[in-house]
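A.B. asks: This is the structure, below, for whatever I ask next.
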Amino acid sequence: MRTAFFNWDAYRSSFPEISRAFLLNVKIFLIAEAFILVFALLLAVLRGLPGPVFFPVRLLAIAYADFFRGVPTILVIALLGFGAPALALDGIPTSTTFWGIVSLVLIYTAYVSEVYRAGIESVHPSQEAAARSLGLTRTQALGSVVLPQAVRRVIPPLLNDFIGLQKDTALVGILGSVEAFKQSQIEVSADFNFTHYLVAATLFVAITIPLARFTDWLVARDRRRRQAGRLV
Amino acid sequence: MSVAAVSISGLRKSFGKTEVLRGIDLEVAEHEVVCLIGASGSGKSTLLRCLNLLEPFDSGRIVVRGEDLTARGVDVNRVRRRIGIVFQSYNLFPHMSVLRNVTLGPMKALGRSRGQAEAEATELLARFGLADRRGDYPDRLSGGQQQRVAIVRALAMKPELMLLDEVTSALDPELVAEVLNVIREVAAGGMTMLIATHEMSFARDIANRVCFLDGGVILEQGPPAQIFTKPGEERTRQFLDRIIAAGRL
């Protein structure tokens, strides 16, 4: 077992290649996250639109969130990553990494929009009333008063979803994009030493653990502030 | 008589099956200060929220300086810019400094430049003894200071009419006076005001007219001296007796 899982020589030999591949995971993460943060906020706002006029919009937003939270991530990645390029249509990108990112954005937008929504609902209605009473429009009240408070409150759960996304970038490997997991698979198939997986694991953990600690710290700070009777 | 500052007729409002306002008729003249008194649940707050169109109502008309707020196609945002309201629970924006709280309305709703809005806000804050607080966040202020900021925030919109909704009810007793003094000063400046309050001595002192609300209607109204010393209605007398027993008059 020692030679198959904890082989120091194997670890050292594949570390440079796998860490290079890991840069792709970081890249996928950063690009996807940027889109997710924007789209999810948009989805959360659409879902909160009042009145019967916006009923279809709300319904679509709910359907979207329900669907993409219910489908396994790997299934969406396989569907788009193998399916979309197979259409061989002009103008449709064939990059597997591209479709991997699209899949992650679709899935995580659904999750993150729920986080935003919880934040928006946690802002007391009297805050919007105060803004509207000054003559601000609904959009202005949302932008200046409700959203800034909502986003501040959900930063810890948002970071939690960041951690999940960072891990799930490995799923893009099934499409053939050479990220850390795929690279370690290649190394393992060459010498049947599973230590290479461990290399990928340490790289992921090296990013996700600091993120998790940072999240904990934010939550603790938040709690301290509340206990001190201060509003966030 | 000139055009009334506010003219309310037949205002009705229900929450589900409970009818909170059962036909309110009230005229307020320019520069007049009218105090609304009555037990909790008598409809004082609801009336003020309806006036500012924060609360939709079922029927009735509200006319402000000749303009019918209840007409079709009225721009509610424009109406609210003309009518300031101060809430019981201050409702300052906790993520903004005092200065930003005060300049938000003028900048967003009136399109003032930051420089102009800040100059006006600073002047108002100074007038009400809050100049050194302009950079602080609301959670650093006492309740009395927060409520004074809320009054300044409403005044910064240069409203034609101010609605005060039990603005001292959430305050510790020792902080009530500073807020009442600010309101006295605003009244002295000629502001037309509708004040829902439980502070009877304040109402007696500041009001040109006192309206006693009971069961969703104005049961009795008149000059404070008359209402507080020889009320005509039995219900008014009972209410005032309870207030006196509680040591609030």
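A.B. asks: So, in Å, what gap is there between the alpha-carbon centers of segment B:1-30 and segment A:145-193?
C.D. replies: 60
A.B. asks: I would also like to ask the following. For the protein assembly as shown, what is the mean residue ellipticity at 222 nm derived from helices alone (per DSSP H run of n ≥ 4: -39500 (n - 2.57); sum divided by total residues; nearest 500 deg cm²/dmol)?
C.D. replies: Rounded to the nearest 500, the figure is -18500 deg cm²/dmol.
A.B. asks: Over all residues in B:81-93, what is the mean tally of Cβ atoms on other chains that come within 10 Å of each residue's Cβ? Can you show the working numbers first?
C.D. replies: Values: counts 4, 1, 2, 3, 5, 2, 4, 1, 3, 2, 10, 3, 9.
Partner Cβ neighbours, averaged per residue: 4.
A.B. asks: If the cut-off is 24 Å between C-alpha atoms, which lysines fall inside it for A:Lys182, apart from same-chain ones fewer than 8 positions away?
C.D. replies: A:Lys27, A:Lys167
A.B. asks: Where a Cα-Cα gap under 18 Å defines reach, which aspartates and glutamates qualify for B:Lys44, not counting those fewer than 8 residues away within the same chain?
C.D. replies: B:Glu19, B:Asp25, B:Glu27, B:Glu32, B:Glu55, B:Asp58, B:Asp165, B:Glu166, B:Glu199, B:Asp214, B:Glu220
A.B. asks: Name the residue farthest towards the positive end of the dipole of chain A from the options A:Ala4, A:Gly48, A:Thr96, assuming +1 on Cβ of Lys and Arg, -1 on Cβ of Asp and Glu, about the Cα centre.
C.D. replies: A:Gly48
A.B. asks: When Lys and Arg each count +1 and Asp and Glu each count -1, what net charge do the other residues less than 14 Å away from B:Val79, Cβ to Cβ, add up to?
C.D. replies: Cβ neighbours under 14 Å give a net charge of +4.
A.B. asks: Something else: Take the Cα of A:Ile31, step 7 Å along the line toward its Cβ, and report every residue of segment A:89-111 whose backbone nitrogen sits under 13 Å from that point.
C.D. replies: A:93-105
A.B. asks: Taking only the Cα atoms of segment A:120-160, how large is their convex hull per residue, in Å³?
C.D. replies: Numbers: hull volume 2.2 nm³, N = 41.
Residue-normalised Cα hull volume stands at 53 Å³.
A.B. asks: For segment B:28-74, list log₁₀ I(q)/I(0) at each q in 0.17, 0.23 Å⁻¹, using the Debye formula over Cα point scatterers of equal strength and ignoring solvent, two decimals each.
C.D. replies: -0.61, -1.00
A.B. asks: Moving on. Among B:Val167, A:Gln140, B:Leu213, which residue has its Cα furthest toward the positive end of the charge dipole of the protein assembly as shown, with +1 on Lys/Arg Cβ and -1 on Asp/Glu Cβ?
C.D. replies: The one lying farthest along the dipole's positive direction is B:Val167.
A.B. asks: On to the next question. What whole number of Å gives the distance from the Cα centroid of segment B:115-187 to the Cα centroid of segment A:45-65?
C.D. replies: Between the Cα centres of segment A:45-65 and segment B:115-187 lies a distance of 38 Å.
A.B. asks: What percent do you get for the relative contact order of segment B:143-246 when only Cα pairs under 8 Å and 6+ apart count?
C.D. replies: It comes to 20 percent, rounded to a whole number.
A.B. asks: Another question about this same structure. If I model a spin label at A:Ser122 and A:Ala220 as a point 7 Å from the Cα along the Cα→Cβ vector, what separation in nanometres do I get?
C.D. replies: Distance between the two pseudo-spin positions: 1.9 nm.
A.B. asks: Once label points are set 7 Å from the Cα along Cα→Cβ at both A:Asp9 and B:Arg12, what is their separation, rounded to one decimal in nm?
C.D. replies: 9.3
A.B. asks: Find which of B:Ser142, A:Leu171, B:Ser45 sits farthest along the positive direction of the dipole of the protein assembly as shown, computed with +1 on the beta-carbon of Lys and Arg, -1 on that of Asp and Glu, about the Cα centre.
C.D. replies: Highest projection toward the positive end goes to B:Ser142.
A.B. asks: Sticking to Cα atoms, compute the Rg of the protein assembly as shown to one decimal and its Dmax as the biggest Cα-Cα distance, whole number, in Å.
C.D. replies: Calculated on Cα positions, Rg and Dmax stand at 30.6, 102 Å.
A.B. asks: Report the FRET efficiency, 1/(1 + (r/R0)^6), for A:Arg138 and B:Ala225, where r is their Cβ-Cβ distance and R0 is 35 Å, rounded to 0.05.
C.D. replies: Taking R0 as 35 Å, the efficiency between A:Arg138 and B:Ala225 is 0.20.
A.B. asks: Provide Rg over Rh for segment B:30-185; use the alpha carbon set for both Rg and the Kirkwood Rh (inverse mean inverse pair distance).
C.D. replies: Ratio of gyration radius to Kirkwood radius for segment B:30-185: 0.97.
A.B. asks: Also, quick follow-up: Assign unit charges at the C-beta atoms only (+1 for Lys and Arg, -1 for Asp and Glu), then state the dipole size of chain B relative to its Cα centre in Debye, rounded to the nearest 20.
C.D. replies: With Lys and Arg at +1 and Asp and Glu at -1, about 580 debye.
A.B. asks: Also, quick follow-up: Once R0 is set to 56 Å, what does the formula 1/(1 + (r/R0)^6) return for the Cβ-Cβ distance between A:Arg58 and B:Ala245, expressed as a FRET efficiency to the nearest 0.05?
C.D. replies: E between A:Arg58 and B:Ala245, to the nearest 0.05, is 0.60.
A.B. asks: Ignore the peptide's own chain and count Cβ atoms of other chains within 10 Å of each Cβ in A:121-134; give me the average, rounded.
C.D. replies: 6
A.B. asks: Something else now. Find the Rg to Rh ratio for chain A, where Rh is the Kirkwood radius over alpha-carbon pairs and Rg uses the same atoms.
C.D. replies: 1.07
A.B. asks: Using only the Cα atoms of segment A:136-232, build the gyration tensor, take square roots of its eigenvalues as a ≥ b ≥ c, and label the shape rounded, prolate or oblate: rounded if a/c is under 1.5, else prolate if a/b is larger than b/c, else oblate. All intermediate terms of the calculation are to be shown ahead of the outcome.
C.D. replies: Details: a/c = 7.61, a/b = 2.23, b/c = 3.40.
Taking the square roots of the gyration eigenvalues as a ≥ b ≥ c, segment A:136-232 is oblate.
A.B. asks: Quote the charge dipole size of segment A:2-227 about the Cα centre in Debye, to the nearest 20; the model charges only the Cβ of Lys and Arg (+1) and of Asp and Glu (-1). Before the final figure, lay out the partial values.
C.D. replies: On the way: 20 positive and 15 negative charges, 203 e Å.
I would put it at about 980 debye.
A.B. asks: Which number comes out as Rg/Rh for segment A:89-140 once both Rg and the Kirkwood Rh are worked out on C-alpha atoms?
C.D. replies: Reported Rg/Rh, Kirkwood definition of Rh: 1.32.
No lab work stands behind these numbers, since they all come straight from the coordinates. Note that the coordinates shown come from a computational prediction; the quantities given were computed from them, not determined experimentally. Because the Cβ atoms are built from the backbone with ideal geometry, glycine has one as well, and the counts that use them run over all protein chains shown.
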